[in-house]
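See below for the structure under consideration.
Nothing in this text is a laboratory measurement; each read-out follows from the coordinates by a stated rule. What you see is a predicted model, and the numbers here were worked out from it, not measured in a lab. So basically every Cβ, Gly included, is an ideal-geometry build from the backbone, and we count neighbours across all protein chains shown.
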Amino acid sequence: MKRGNKIVAAIDVGTTKIVAVAGEKREDGTIEILGYGKACARGIKRGVVFNIREAGESVREAVDQVEKTVGKKINEVYVNVIGRELKTITKKTQKHFDEDRLITKEDIKELYCQIKETTIPKGYKVYHIEPQLYQIGDETGISDPVDSTGKDIQVEYKLLAAPEIYEKNLKLCLDYAGLKVRKIIVDTLASSELLISDDEKEAGVALLDIGGGTTKIAVYNEGVLVYSSLIPFGGNVVTRDIKLGCSILLRQAEALKVQFGRALGEFAPENGVVTVPGISGWEPKEISFKSLAMIIQARMEEIVEGVFSYMKKSGYIEKMGAGIIITGGGSLLKDVGQLIQFHTGLDVKKGIPIMKLNKKWEKLEDPRNTTVLGLLEIILNEESPVKRQEKKKVTAKKSSPGILTHVRDQVTQQVLTFFSDGNDTEIN
């Protein structure tokens, strides 16, 4: 098939799976998927590559599937970066003038360059710089200062930074797979591209991406990203708890979670029972839906309470007018939205990436593919920018009102010991 547009490929390197996708932009500005591949992740812990060979083989397996569909070899890819030591760093800068004058684009560029040259923690690299609202003289809350007049201008920037070793290992992993890294993008930015509207960013919103091995947090306020962090736990710890609590195999525990699990035990049927086949001649086990749900709820409550503590640390918990958007594989768990609403007191809705794909690829519009599709959209819009009339595509499923008629007056202040204070440090 003859193609005149540039084909790009993106890879989501996750804790439990590797997802690769290739696509191009059509003349009407929409995106066409050309190939998709998925493989179980090996050599990756909590979103970070640690075994180059194992991770490289997993990436190669996913990319081979894409190449088979596309019909051509992929050499360069765009990839996400995430990890426990991701930091949101706060830096301020200012510029003074001899007298009142018009502020120009060159002035804003100079402020940005000053921040780019600022000192950050040793061994870290900045992946994204986001200006917050500007201040000119005594006037605050200015989103676009160009052509305003003043004698001085101040601005605070949020920098997303991660250890340099994250990028080094990613590149080694992809090099092992025969691929060159074209660009690295922070994971939460990719997810936000597809799921958060401009109105939600202005009102204040948090995105929770509940993955297989991590839960990622991005907070927006007044239209800009103000905080990003990661908790090194996701659906995998729930699966392990089911395995231990029910004395079954890990694969059986995952199947139970996906097919029959729910995050609130009170809604599980009292008499529902599932039979799990015995192994190596042992008798089958009967597991009640109620017991399964109580195991899941206990672990999910710990994760949600940890997430809530990080959201409070961001300083924007009282400014999330829109609420919380959940995505990732963990968002598919029944009742998880209600559980989060109960613990935080905030409205919750499910975010599903909608890209108006053709029938062949409709199944990719799934919360588990949010990151890789977001990566693809970011890059294709950068490669072939198109003025979009209406930003964002999101299908939202709001938590049903009335299921929980009240929220807790106080959420427990205990921060579980396995939540480290190091990964969300805000440095002034």
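Taking every alpha-carbon pair under 8 Å whose residues sit at least 6 apart, region 182-340 reaches a relative contact order of 28 percent. Helical content alone sets the calculated 222 nm signal of the chain at -9500 deg cm²/dmol, taking -39,500 (n - 2.57) per DSSP H segment of four or more residues and averaging over every residue. Largest GNM mean-square fluctuation among Thr275, Thr214, Thr239, using the chain with Cα springs under 10 Å: Thr275. For region 87-163, the relative contact order comes to 50 percent (Cα pairs under 8 Å, sequence separation of at least 6). Between helix 250-260 and the chain, what is the angle of the helix's C-alpha long axis to the longest principal axis, kept within 0 to 90° and rounded to the nearest 10? Compared with the principal axis, the helix lies near 80 degrees. Tell me, how many Å apart are the Cα centres for region 184-207 and for region 74-151? The two parts, judged by their Cα centres, are 19 Å apart.
Springs between Cα atoms under 10 Å define the GNM used for the chain, and in it the highest mean-square fluctuation of Val21, Val48, Val274 occurs at Val274. Look at Glu382, Glu202 and count the other Cβ atoms within 10 Å of each Cβ; fewest to most, that gives Glu382, Glu202. Across region 168-184, coupling constants 3J(HN,Hα) worked out from phi with the 6.51/-1.76/1.60 Karplus curve, θ = phi - 60°, read 4, 5, 4, 5, 5, 4, 6, 5, 4, 7, x, 10, 9, 7, 7, 7, 10 Hz, and Gly and Pro carry x. Return the single residue from Lys158, Lys349, Lys116 with maximal mean-square fluctuation; model: Gaussian network over the chain, springs between Cα atoms under 10 Å. Greatest mean-square fluctuation among the candidates belongs to Lys116.
Among (i) 34.4, 122; (ii) 32.2, 111; (iii) 22.8, 87, find the value of Rg and Dmax of the Cα atoms in Å that was calculated from the structure presented, and write down its label. Step by step, Rg and Dmax of the Cα atoms in Å for this structure corresponds to label (iii). Computed from backbone phi, the HN-Hα couplings of region 362-372 come to 4, 5, 6, 6, 9, x, 6, 10, 4, 5, 5 Hz, rounded to whole numbers (Karplus: 6.51 cos²θ - 1.76 cosθ + 1.60, θ = phi - 60°; Gly and Pro given as x). I'd like the distance between the alpha-carbon centres of region 310-334 and region 230-260, rounded to an integer number of Å. Using only Cα atoms to place each centre, the spacing works out to 23 Å. Each Cα pair under 8 Å and six or more residues apart adds its sequence gap; the mean of these over the residue count of the chain is a relative contact order of 18 percent.
Which shape class applies to region 316-384: rounded if a/c is under 1.5, otherwise prolate when a/b exceeds b/c and oblate if not, where a ≥ b ≥ c are the square roots of the Cα gyration tensor eigenvalues?
Details: a/c = 3.26, a/b = 1.67, b/c = 1.96.
Verdict is oblate for region 316-384.
With a/c under 1.5 counting as rounded, go ahead and sort region 246-393 into rounded, prolate or oblate using the C-alpha gyration tensor (a ≥ b ≥ c being the square roots of the eigenvalues; past the cut-off, prolate if a/b is larger than b/c, else oblate).
Values: a/c = 2.79, a/b = 1.53, b/c = 1.82.
In terms of gyration-tensor shape, oblate.
The phi torsions of region 311-317, fed into the Karplus equation with coefficients 6.51, -1.76 and 1.60 and a -60° offset, translate into couplings of 5, 5, 5, 5, x, 10, 4 Hz, rounded to whole numbers, with Gly and Pro shown as x.
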